[in-house]
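To start, the structure under review is shown below, and the notes come after it.
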Amino acid sequence: MIPNFYIIGSETKRPPSKRTIFTDGAPDDTFREGVDIELSHWIPNQTPERYRADTSTEICMNFVTNESSKEWDLAINNHLDVDGILSVFTLVHSEFALTHRDTIIGAAEIGDFWGYSERPSQILFQGLTKLMFDLKGKEDIREIYALCFEKVFDLIQEESSDDVIIDGVGALEKSLNRVKSSEIQRHVVSEHFVSYQIPKQLAELNIEKAIKIPRFNDLLQDNMWLIPSVRNYYDREKVQLVSAETSKGWYYDLWYPGYMWADTPHSWRAPGFEFSGSTNAYYYGHKPLNEAIVELNDLEKATGQWILAKELTPFQSIKGRDFPVILSFLNEDKPVVSSLLPAEVISKLSKAF
């Protein structure tokens, strides 16, 4: 158990420290080589190989499982999100965190990667995200962390009656059932490529729910027919083509795995990402996909163009879309219908994956 924590940006006084753990974020210029340690999945990082994992929360779990915390006296983070909160929580409340390891790691995966985890993790993620959003800009960031720590205990140990939690978890279940019932069609093309087709009756009922891309670490809400976590229930380590049918044509987005922005040693690395030198930022280029896009644009008869991302961060992709979508059919930076049928698009894109 680490006795103290500090969040960079807080107006509170930073405690002195003999040995500091910097977690889920880049260390600042106070980092002392050979004295302090980094436990983070941000890129680049200096996390020791023996602790590495896909989320910073799991990295911290590995650390507290295998190391004595006696010589460490301060945990530091530099931003506000669920994986960050749970990373510091794991270091500060190690015994409780280890007891609920899977639930806590699962909540971090929902937040950072649009992952799918079981109901206890969904409740923890949703409750923390709601509180985080409610407090942001109103309280000092260290105080937000402290209040979120209290909330972790409540969300794991007590039954929640919060409508935002109940509705969000319910929305995820409804979205999952649309795939289980085949209302939304799922077709596995290859080991790392899958297609999802949202039917006309849903797309034309509410097209925004068919083509929406949620914000990073967003609340679970009934604002999408196909919530990304549902696709990651089935196809976490696949490139996912999502199409939505209308009477005028098809909308298309190509989603990369949501974890691709991070250092994820336990997950398949999809092709095309090249670290740009800036924190969590990449150039994108995959020759077989570039060739497929040329063919798609040659076949296309609708007004618009197949646009591929060139630079990516967890918060940025193609203009008019967001990460982790890397390819869309657009006109003037807005999604529009393509004249091509899913079978034609799949035929071209499958060559790249």
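The values are calculated or read from the model by the stated rules, or taken from the named source; none is laboratory data. Owing to the predicted nature of the structure, the values given are computational and were not obtained by experimental measurement. Don't worry about glycine lacking a Cβ; one is built from the backbone with ideal geometry, like all the others, and counts go over all protein chains shown.
Computed values, structure above
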quantity	calculated
Count - residues of segment 213-272 that are within 11 Å of the chain's Cα centre (by Cα) and under 17 Å from Glu173 (Cβ atoms)	4
Search result, residues across segment 184-214 that are of a type in the set (Val, Ile, Thr) and either free of Cβ contacts under 8 Å to residues at least 24 places away in the same chain or buried (at least 18 other Cβ atoms within 10 Å of the Cβ) (or both)	Ile184, Val194, Ile198, Ile211, Ile213
Residues being in a strand (DSSP E or B) and touching a Lys or Arg at 6+ places or on another chain (Cβ under 8 Å) - total across segment 170-185	0
Those strands (runs of 3 or more DSSP E) lying entirely in segment 253-353 with at least 3 residues of a type outside the set (D, E, K, R) and either crowded, with 19+ Cβ neighbours inside 10 Å or in the same structural domain as Phe216 (by TED's automatic domain parsing) (or both)	282-284, 305-308, 325-331
Boolean, Tyr234 is aromatic (Phe, Trp, Tyr), in a helix (DSSP H, G or I) and either touching a Lys or Arg at 6+ places or on another chain (Cβ under 9 Å) or surrounded by fewer than 16 Cβ atoms within 10 Å (Cβ to Cβ) (or both)	yes
Residue check, Phe153 part of a helix (DSSP H, G or I), more than 19 Å from Ser267 (Cα to Cα) and in contact with a Phe, Trp or Tyr (Cβ under 6 Å, 6 or more places away or on another chain)	no
Residue in segment 138-183 that is surrounded by the fewest Cβ atoms within 10 Å (Cβ to Cβ), counting only those that are in contact (Cβ under 8 Å) with a residue 24 or more places away in the chain and small (Gly, Ala, Ser)	Gly170
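Yes/no matrix, rows are residues, columns are (1) in the same structural domain as Leu131 (by TED's automatic domain parsing); (2) of a type in the set (Phe, Trp, Tyr); (3) more than 19 Å from Val325 (Cβ to Cβ):
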| position | (1), (2), (3) |
| --- | --- |
| Leu155 | yes, no, yes |
| His192 | no, no, no |
| Tyr196 | no, yes, no |
| Lys200 | no, no, yes |
| Ala203 | no, no, no |
| Pro214 | no, no, no |
| Asn217 | no, no, no |
